[in-house]
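The values are calculated or read from the model by the stated rules, or taken from the named source; none is laboratory data. Since we're looking at a predicted model, the values are computed, not measured. Every residue, glycine as well, gets a Cβ built from its backbone with ideal geometry; the counts of neighbours run over all protein chains shown.
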Amino acid sequence: MKGKPNSAKPQIPQGIRLNKYIANTGLCSRREADALILSGIIQVNGKTITELGTRVAPRDVVTHKGKRLQGEKKVYILLNKPKDCVTTVKDTHGRKTVLDLVPARGRLFPVGRLDAQSEGLLLL
């Protein structure tokens with residue numbers, strides 16, 4: 001008689017990676033967050049973390065130089081992109097961008113691309 005197949009469910013990691021959590025607060029990018037973690041200036045629940053890949057839960061307190069980091073408020077904007085407007089955050093050629101059309105400021109990024117001559121719905 002053959003043994004039963006292993007029916008144990010795979011372990012799903014809880015929480016999110018610390019570098020992603022830091023990036024979601026708007027402090028810096030994920031790569032820059034990795035450097036902050038390795039330098040030893042990030043603490044989770046009062047303990048200095050220097051290991052990449054550490055996961056944090058929503059209840060954890062993450063601090064940078066003694067200041068608590070909290071997630072940014074998420075804002076979603078639907079924009080009807082007009083012609084002659086480029087779908088980018090900054091344009092090196094001085095053309096009008098989709099962010100020039102939106103009075104809201106903060107960390108807004110276009111999702112997807114539309115050519116400058118295209119019109120249509122765009123998510124920011």
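Looking at (1) out of contact with any strand residue (DSSP E or B) (no Cβ under 7 Å at 6 or more places or on another chain); (2) part of a loop (DSSP other than H, G, I, E, B), find the lone condition where Gly53 falls short.
The number of the failed condition is (1).
Exactly one condition in (1) in the same structural domain as Ala23 (by TED's automatic domain parsing); (2) without any contact (Cβ under 8 Å) to a residue 40 or more places away in the chain is false for Thr92; which is it?
With respect to (1) in the same structural domain as Ala23 (by TED's automatic domain parsing); (2) without any contact (Cβ under 8 Å) to a residue 40 or more places away in the chain, Thr92 is out only on (1).
Do you know which of the residues in region 59-115 that are among the polar types (S, T, N, Q) and assigned to a strand (DSSP E or B) is surrounded by the fewest Cβ atoms within 10 Å (Cβ to Cβ)?
Within region 59-115, the match that is surrounded by the fewest Cβ atoms within 10 Å (Cβ to Cβ) is Asn80.
Return only the number of the condition from (1) at pLDDT below 85; (2) out of contact with any Lys or Arg (no Cβ under 9 Å at 6 or more places or on another chain) that Leu36 does not satisfy.
In the conditions (1) at pLDDT below 85; (2) out of contact with any Lys or Arg (no Cβ under 9 Å at 6 or more places or on another chain), Leu36 misses (1) alone.
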